[in-house]
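Asks: Structure incoming, see below.
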Amino acid sequence: MATAARAQLEKALRWIEENWVGQKECAICGNSGWFMGEVVGEMKQMNSKSEWIPNTGPSYPMIVLSCENCGYTLLFNAIVLGVVEG
Ligand SMILES: [Zn+2]
């Protein structure tokens, strides 16, 4: 995972605040407090046999938003949020 610059995280937070129009309560515990990870994560692509191969192949950069209470996590595509160039 790459460390995200403060400006990247602030941009992601603004995007989420502007676009999150649905329920903000956690689907698991009902809490409404969320925190954003301090890094841009990645979701790796599996190969054609659905096998996970470490440190190879393309990945999707992800902004990670987690419930403060139970840790349930939402993932946002960082390219769509304009935080990372695709
Ligand atoms: Zn929760």
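Taken together, the values in this text are just the output of simple stated rules run on the coordinates, not laboratory data. Owing to the predicted nature of the structure, the values given are computational and were not obtained by experimental measurement. Virtual Cβ from ideal backbone geometry, glycine too; neighbours counted across all protein chains shown.
Asks: Could you estimate the translational diffusion coefficient of the chain from the Stokes-Einstein equation, with Rh from the Kirkwood formula over C-alpha pairs, at 10 °C and 1.306 mPa s, in whole µm²/s?
Replies: Here the translational diffusion coefficient equals 113 µm²/s.
Asks: Which net charge results when you count Lys and Arg as +1 and Asp and Glu as -1 among the other residues whose beta-carbon is under 15 Å from that of Glu85?
Replies: Around Glu85, the charge tally is 0.
Asks: Can you compute 3J(HN,Hα) from phi for each residue in region 77-84, using the Karplus curve 6.51 cos²θ - 1.76 cosθ + 1.60 with θ = phi - 60°, rounded to whole Hz and x for Gly and Pro?
Replies: So the J values, rounded to whole Hz, are 5, 5, 6, 4, 6, x, 8, 10.
Asks: I've got another one for you. Between Ile28 and Lys49, what is the spin-label point distance in nm, taking each point 7 Å from the Cα along the Cα→C-beta axis?
Replies: That separation, rounded to one decimal, is 3.2 nm.
Asks: Just subtract the alpha-carbon distance of Leu13 and Ile79 from 0.36 nm times their residue separation and send over the number in nm, one decimal.
Replies: 22.4 nm
Asks: Using Cα positions and a limit of under 18 Å, work out the aspartates and glutamates in reach of Lys24, with same-chain residues fewer than 8 apart set aside.
Replies: Correct list for Lys24: Glu68.
Asks: Straight-line reach from Lys11: which aspartates and glutamates have a Cα under 15 Å away, not including same-chain ones fewer than 8 places off?
Replies: Glu38, Glu85
Asks: Quote the relative contact order of the chain in percent (integer), defining contacts as alpha-carbon pairs under 8 Å separated by 6+ residues.
Replies: 31 percent.
Asks: Here's something else I'd like to know. How far apart, in nanometres, would the label points at Phe35 and Cys70 be if each is projected 7 angstrom from Cα along the Cα-to-Cβ direction?
Replies: Here the modelled spin labels are 1.8 nm apart.
Asks: Could I ask something else about it? Which value in deg cm²/dmol, rounded to the nearest 500, describes the helix-derived mean residue ellipticity at 222 nm for the chain, given -39,500 (n - 2.57) per DSSP H run of n ≥ 4 and division by the residue count?
Replies: Helices in the chain give a 222 nm mean residue ellipticity of -5000 deg cm²/dmol.
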